[in-house]
Amino acid sequence: MPMSTYVQSIRDRIGHDFLLLPGVTAVIRDGERFLLARHAATELWSLIGGGIEPGEEPSEALRREVLEETGAEIRILRLVGAYGGDSLAAETPNGDRVGYVTIAYECELLGPAAPDMDELVELAWFDRDAIPALARHEWIDRVVADAE
């Protein structure tokens, strides 16, 4: 998905300097299995989520992001935690430096899900024990552990 107009307006003023952004993460599970997505840009597996737009409630941002990326509706069950720090910081291919603070929610999938093939190239269920062997964003390990 392209950069939001809000983030673009900030980038127009600050260039590639570090930008801290709020986000949301869906911990979609089926027992001990977790739904992960492989991202087109990085080829890494991660949980599904994205940015919160100005004026948007985090729960609504989560519903929007999951629907955009998978075509599926969710039911939010509970808050898992909030995450940030160096493991959620990155530099994009164009040189933009960014860090995220994300709010993770445990969710139930309400219908079939399929990757949008724009941001995501694959969706798959993984047992908790299989996740550490994946090429993944390692910060998700903390989220999955907290989802006990």
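The values are calculated or read from the model by the stated rules, or taken from the named source; none is laboratory data. Keep in mind that this is a model prediction, so the values were computed, not measured. All Cβ positions, glycine included, derive from the backbone under ideal geometry; neighbour counts span all protein chains shown.
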Has the range 99-115 got at least one residue that is over 28 Å from Glu32 (Cα atoms) and part of a strand (DSSP E or B)? yes
Can you name the residue in the range 19-33 that is farther than 22 Å from Arg97 by Cβ and out of contact with any Asp or Glu (no Cβ under 8 Å at 6 or more places or on another chain) and is also surrounded by the most Cβ atoms within 10 Å (Cβ to Cβ) among such residues? Asp30
Give the residue, chosen from Asp96, Asp141, that is charged (D, E, K, R) and over 14 Å from the mean Cα position of the chain (by Cα). Asp96
Please go through the range 97-148 and pick out each residue that is of a type in the set (Asp, Glu) and within 15 Å of Glu43 (Cβ to Cβ). Asp118, Glu119, Glu122, Glu138
Name every residue in the range 36-49 that is touching a Lys or Arg at 6+ places or on another chain (Cβ under 8 Å) and either modelled with pLDDT under 95 or aromatic (Phe, Trp, Tyr) (or both), in order of residue number. Trp45
Total residues in the range 73-93, condition touching a helix residue (DSSP H, G or I) at 6+ places or on another chain (Cβ under 6 Å) and surrounded by fewer than 19 Cβ atoms within 10 Å (Cβ to Cβ): 2
Lone qualifier among Asp118, Asp129 - being among the charged types (D, E, K, R), in a loop (DSSP other than H, G, I, E, B) and exposed (fewer than 14 other Cβ atoms within 10 Å of the Cβ): Asp118
Scan the range 54-93 for residues that are at pLDDT 95 or above, more than 13 Å from the chain's Cα centre (by Cα) and assigned to a loop (DSSP other than H, G, I, E, B) and jot them down. Pro54, Gly55, Glu56, Glu57, Gly71, Ala72, Glu73, Gly85
Taking the range 1-18 and the residues there that are touching an Asp or Glu at 6+ places or on another chain (Cβ under 7 Å) and either part of a loop (DSSP other than H, G, I, E, B) or not charged (D, E, K, R) (or both), the one that is nearest to Glu68 (Cα to Cα) would be Met1
Among Ala61, Ala40, which is the only one that is touching a residue at least 24 places away in the same chain (Cβ under 8 Å), buried (at least 16 other Cβ atoms within 10 Å of the Cβ), touching a strand residue (DSSP E or B) at 6+ places or on another chain (Cβ under 6 Å) and among the small types (Gly, Ala, Ser)? Ala61
